[in-house]
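To start, the structure itself, in structure tokens.
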Amino acid sequence: MLVIDFSRKLQEGILESVQLLQFGAQNTNYNRLAKNARNSTYRKRTFTSIELFAGAGGLALGLEKAGFRSIGLVEFDKAAANTLKTNRPEWKVLNDDIANISLLDLERNFNITKRKLDLLSGGAPCQSFSYAGKRLGLEDARGTLFYHYAVFLQKLQPKAFLFENVRGLISHDHGRTYETIHAIFKAEGYDTKTKILNAWDYGVPQKRERLIMLGVRSDLVGKLNIDFPDPHEYKPVLRDILANVPSSAGVQYSKYKRKIFELVPPGGYWRHIPENIAREYMKSCWYMGGGRTGILRRLSMDEPSLTVLTSPSQKQTDRCHPLEARPLTVRENARCQCFPDEWEFCGSVGQQYRQVGNAVPVQFAYEIAKKIYEGLEATI
């Protein structure tokens with residue numbers, strides 16, 4: 001009966017993330033149902049998007065699910081670019097330095113005229129800007145990866161943009177980096193809104209805070225309205241997604257570290273084991289200030305994952321499996337990031353962990369993209 005009801009909701013195009021997470025983790029049809037949900041086409045039309053710094057495709061998958069058609073993805077890392085090409089052969093993936101691509105005739109390269117692109121998306125790493133707070137124009141960002149994001153914006157003038165980054169960008173370099181970014185977007189003719197969102201509020205079984213900036217081209221202000229998504233009532237935990245996970249590559253702890261983790265209860269960390277053992281393991285970290293809650297940290301099935309990282313076993317940022325004395329596998333981390341089980345990650349084990357850890361959670365991306373889609377659809 002549950003399967004029939006689930007399929008009906010799926011066909012109606014109103015499947016929500018929590019149902020998928022809860023049902024999928026406990027059902028052998030997880031892959032089939034997740035794939036159907038991703039491929040559901042209940043939207044009236046598709047909108048075009050170009051994504052920069054695309055990584056392994058978390059943001060691109062969310063956009064796809066919301067109804068966007070990618071006409072180009074730029075990614076410098078070869079393993080991540082191969083992941084995109086392997087899973088979506090039809091996508092135009094440019095595996096090159098964005099500094100090279102931004103110099104090209106973008107209209108000809110992506111076969112779209114200026115002001116016709118619906119959405120530019122991506123999250124450029126943002127270093128401190130040499131001239132931050134001085135001219136507050138595009139030249140302030142020269143020499144940084146964000147500069148090339150801004151060049152794409154300048155050359156193509158899309159109707160809207162989605163820029164995501166770490167929440168620390170707000171305070172980075174005493175706020176001057178964010179101030180410069182905001183000023184550049186304004187100078188290029190965009191009205192923006194910014195908010196810190198936690199992926200856990202939007203159907204993702206993970207605490208992951210991100211800065212989300214949405215921009216609308218100035219001539220469309222008042223016509224194209226894009227809002228941030230509303231938080232979900234239910235917030236999933238690891239119990240919802242860590243059942244029946246396909247086997248995959250994963251690193252292991254040393255025998256010494258595994259023995260210590262066997263002493264840590266689910267949801268616990270170094271304070272929950274004998275002091276002499278903790279002191280020996282932590283060495284100089286024992287004398288550091290702060291709670292050091294990331295050391296010997298074990299996840300709990302009744303809580304969300306902590307932020308999925310690019311390396312699974314760093315001493316000060318442990319993420320031990322709730323029930324076994326080991327890190328999460330690549331596939332388990334991918335579940336925390338809401339990737340479908342059939343999404344294949346290319347490269348070495350370390351490269352796969354890094355791709356998953358750097359990704360935007362698929363469901364989180366979808367919730368944001370859905371609001372952008374709705375705004376664009378209302379302007380037709």
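Please report Met288, Met301 as a ranked list, fewest other C-beta atoms within 10 angstrom at the top and most at the bottom.
Met288, Met301
The magnitude of the dipole of the chain, with charges of +1 and -1 set on the Cβ of Lys/Arg and Asp/Glu and taken from the Cα centre, is near 400 debye.
When the label point is put 7 Å from the Cα of Asn109 along its Cα-to-beta-carbon vector, which residues of region 66-83 have a backbone N closer than 18 Å? Flagged as within label range: 70-78, 81-82.
As a rough guide to protection, the peptides 138-151, 101-114 ranked by mean Cβ packing within 10 Å, highest first, stand as 138-151, 101-114.
Rg/Rh for the chain to two decimals, with Rh computed the Kirkwood way over all alpha-carbon pairs. Here Rg/Rh amounts to 0.98.
Between helix 349-358 and the chain there is an angle of about 60 degrees, using the helix long axis and the longest principal axis of the Cα atoms. Once both labels are positioned 7 Å from their Cα atoms along Cα-to-Cβ, the gap between Arg167 and Lys155 label points is 3.5 nm.
Ranked by the mean number of other Cβ atoms within 10 Å of their residues, highest first, the peptides 350-361, 174-185 fall in the order 350-361, 174-185.
Take every DSSP beta bridge whose two residues both sit in the chain; close to 50 percent of them are antiparallel.
Each residue, Glu209 and Asp96, gets one label point 7 Å from its Cα in the Cβ direction; the gap between the two is 3.9 nm.
Relative to the longest principal axis of the Cα atoms of the chain, the long axis of helix 30-39 lies at roughly 10 degrees. Modelled label positions at Gln316 and Met301, each set 7 Å beyond Cα in the direction of Cβ, lie 3.3 nm from each other. Give the angle, between 0 and 90 degrees and rounded to the nearest 10, that separates the Cα long axis of helix 362-377 from the longest principal axis of the Cα atoms of the chain. That works out to roughly 20 degrees. For region 331-350 versus region 93-108, the inter-centroid distance based on Cα atoms is 27 Å.
Each peptide among 67-75, 246-254 gets the average number of other Cβ atoms lying within 10 Å of its residues, and from highest to lowest they stand as 67-75, 246-254. With semi-axes defined as the square roots of five times the eigenvalues of the C-alpha gyration tensor, the equivalent ellipsoid of region 246-358 measures 26, 14, 13 Å, largest first.
Among the listed pairs Lys85/Lys186; Lys186/Lys371; Lys186/Lys223; Lys85/Lys255, which have their C-alpha atoms separated by more than 26 angstrom in this model?
From the list (Lys85/Lys186; Lys186/Lys371; Lys186/Lys223; Lys85/Lys255), the Cα-Cα distance tops 26 Å for Lys85/Lys186; Lys85/Lys255.
Quick note: the coordinates plus some simple rules give every number you see, no bench work behind them. Treat the numbers as computed from the prediction; the structure is a model and nothing was measured. Note: ideal-geometry Cβ built from the backbone for every residue, glycine included; neighbour counts use all protein chains shown.
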